[in-house]
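What follows is a short report on a single structure.
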């Protein structure tokens, strides 16, 4: 790419938890600031019922956690490839299609990037997981097509895709001095994706790179799944999950699974659920647990509790203990959690992710000892047990940590510059006369 002119196209990493936009231009950071000067915009939409407004990212989460009445939507990317994408929900007294909700968020990403770049973007390379949907190629194609349709609907004229771990590899490659065979481990909010790719400064100059990609794989497990398992193990039992009724049966589990999953939490707030829990508390062996559950439903504190669980997971990824607060619906109550409990709760998820990595080696046609570097990116790659188990598969490889939230967006910008070239009408961000 010319040193004098910026790229024509941008790259969008629309993530389950956070989103970024990268744009290659001379003498500037690749990632564009999207909120409060930060390059990440949390993938959150909050419909504020009190002020009849819509907020995005940290601002939306802040309004919700401050106690404003309204509807919080998060993990929007998880809708792609699911039956919910063709459904609708009610917000602020009106019905909205889920695909329109995604369009609203991606349009906001585009508008904020264009405001920072002082130009419009008509071409985009969008990141995508290796599999939107595990073991269903047709559903996976539909998910990509849906995202492409949404991108065109918000104003992108040309839309192309790149696997997220390959994009992260392109970002890593910009700092290499010699050839390496790299396993990119991109563990995000919704998926764990892996690529084995041959990288070097010379290879970076080529327009076509598929010959350098030795293997791709992934599994639909990410940070939100670790949140859910921690919630089901540590938080939901405090609300009656797995507690007994007087007839010896356990409390029905479906409500607790909904409360432990970001994009189904609102299903807990229906009149039918309220009536059912009022009936069950009469037959509960431990009614005080259901008292907490009813208080949570009454306060609509499900997303608040999910946020507390997520924060506890983050603390347990760097320390040995964390405190889970129940303050919003059970004043004065909290639960102490340990990393050992977290690792036991999520061991099955770790094993599934590890198995996905192991399956890559025969496809790549190289032994584990042939991997020079394991490059970790994605916010959830900081989970200690997960990182240890993956790194242990490649005993001779060095372990490198990328920008956990920015490597993919930056790599997509590199790919966008290769695919669409430079814009000779511009220099640093302004159109030439």
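Counting only alpha carbon atoms, the long axis of helix 98-117 and the longest principal axis of the chain meet at about 50°.
Against the empirical 2.2 N^0.38 Å (N residues), the stretch 1-42 has a Cα radius of gyration ratio of 1.25. Highest mean first, the peptides 268-275, 257-264, 138-145 sorted by other C-beta atoms within 10 Å per residue fall in the order 257-264, 138-145, 268-275.
Directionally averaged projected area (the stretch 56-117, Cα convex hull): 5.0 nm².
For the peptides 220-226, 411-417, 310-316, the ranking by packing is 411-417, 220-226, 310-316, with the highest mean count of neighbouring Cβ atoms within 10 Å listed first. Over the C-alpha trace of the stretch 169-216, radius of gyration and Dmax come out as 11.2, 33 angstrom. Angle of helix 347-358 to the longest C-alpha principal axis of the chain, folded into 0 to 90 degrees and rounded to 10: 20°. Across the stretch 310-399, Cα-Cα pairs farther apart than 16 Å form 62% of the total. Its Cα gyration tensor gives the stretch 61-197 an equivalent ellipsoid; the semi-axes, largest first and in whole Å, are 29, 19, 17.
Highest mean first, the peptides 84-90, 232-238, 211-217 sorted by other C-beta atoms within 10 Å per residue fall in the order 232-238, 211-217, 84-90.
Structural size metrics of the chain, computed from C-alpha coordinates, are Rg and Dmax of 22.6, 80 Å. Restricting the calculation to Cα atoms, the stretch 224-343 yields a radius of gyration followed by a Dmax of 13.9, 43 Å.
On a 0 to 90 degree scale, rounded to 10, what angle separates helix 137-153 from the longest Cα axis of the chain? Helix 137-153 sits roughly 80 degrees off the main axis of the chain.
Using the rule -39500 (n - 2.57) for each DSSP H run of four or more residues, divided by the residues of the chain, the 222 nm mean residue ellipticity is -11000 deg cm²/dmol.
Rule-based calculations on the coordinates, nothing more; no lab input. Note that this is a predicted model, so its numbers are computed, not measured. Glycine gets a Cβ as well: all are built from the backbone with ideal geometry, and neighbour counts include every protein chain shown.
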